[in-house]
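What follows is one structure encoded as structure tokens, with my remarks underneath.
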């Protein structure tokens, strides 16, 4: 029964570690998107670039945000101005990386 007890203890450690590791993967990818959005953002005063950041919104959710009041107008445009999708472009640049990072994190936390 010693082997069974060790297996159960290992499963409990993995159960507790996976959510933390997954959240870290989300944060890591969120920061990649923030970095790209800052690089892609048009600059007049620097306020838009400085307003881009990452918000933790719970154990399985992060949000990349631009807090400048006019950020949506720059991203999507207006009747008189074409949008400059600095944030959408950043998300597209890193879209495939999140799943890869999840699998990597799972492999580190719960190796086969």
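Looking at region 77-102, which of its residues are farther than 14 Å from residue 41 by Cβ and either over 15 Å from the mean Cα position of the chain (by Cα) or modelled with pLDDT of 95 or more (or both)? Quick ask: steps written out before the conclusion?
Kept after step one, since they are farther than 14 Å from residue 41 by Cβ, are these residues of region 77-102: 77-82, 92, 94-102.
Matches in region 77-102: 77, 78, 79, 80, 81, 82.
In region 76-106, what residues are more than 17 Å from residue 31 (Cβ to Cβ) and surrounded by 14 or more Cβ atoms within 10 Å (Cβ to Cβ)?
Listed by number, the residues that qualify are 76, 84, 85, 88, 106.
Criterion first (surrounded by 14 or more Cβ atoms within 10 Å (Cβ to Cβ) and either in contact with a helix residue (DSSP H, G or I) (Cβ under 6 Å, 6 or more places away or on another chain) or part of a helix (DSSP H, G or I) (or both)) does residue 30 satisfy it? Steps first, answer last, please.
Working: surrounded by 14 or more Cβ atoms within 10 Å (Cβ to Cβ): yes; either in contact with a helix residue (DSSP H, G or I) (Cβ under 6 Å, 6 or more places away or on another chain) or part of a helix (DSSP H, G or I) (or both): yes.
Yes, satisfied.
Determine whether residue 64 is within 19 Å of residue 102 (Cβ to Cβ), in contact with a helix residue (DSSP H, G or I) (Cβ under 8 Å, 6 or more places away or on another chain), assigned to a strand (DSSP E or B) and touching a residue at least 24 places away in the same chain (Cβ under 8 Å). Working first, answer last.
On the way: within 19 Å of residue 102 (Cβ to Cβ): yes; in contact with a helix residue (DSSP H, G or I) (Cβ under 8 Å, 6 or more places away or on another chain): yes; assigned to a strand (DSSP E or B): yes; touching a residue at least 24 places away in the same chain (Cβ under 8 Å): yes.
Yes.
What is the one condition in (1) in contact with a helix residue (DSSP H, G or I) (Cβ under 7 Å, 6 or more places away or on another chain); (2) part of a loop (DSSP other than H, G, I, E, B); (3) closer than 30 Å to residue 19 by Cβ that residue 95 does not satisfy?
Checking residue 95 against (1) in contact with a helix residue (DSSP H, G or I) (Cβ under 7 Å, 6 or more places away or on another chain); (2) part of a loop (DSSP other than H, G, I, E, B); (3) closer than 30 Å to residue 19 by Cβ, the one that fails is (1).
Out of all the residues in region 33-58, which are within 12 Å of the chain's Cα centre (by Cα) and either modelled with pLDDT under 95 or exposed (fewer than 13 other Cβ atoms within 10 Å of the Cβ) (or both)?
Of everything in region 33-58, those that are within 12 Å of the chain's Cα centre (by Cα) and either modelled with pLDDT under 95 or exposed (fewer than 13 other Cβ atoms within 10 Å of the Cβ) (or both) turn out to be 55, 56, 57.
Which condition number does residue 62 fail, the rest of (1) surrounded by 15 or more Cβ atoms within 10 Å (Cβ to Cβ); (2) more than 30 Å from residue 106 (Cβ to Cβ) being met?
In the conditions (1) surrounded by 15 or more Cβ atoms within 10 Å (Cβ to Cβ); (2) more than 30 Å from residue 106 (Cβ to Cβ), residue 62 misses (2) alone.
The values are calculated or read from the model by the stated rules, or taken from the named source; none is laboratory data. The structure displayed is predicted, hence computed values, not measured ones. Cβ coordinates were reconstructed from backbone atoms using ideal geometry, including for glycine residues, and neighbour counts include every protein chain displayed.
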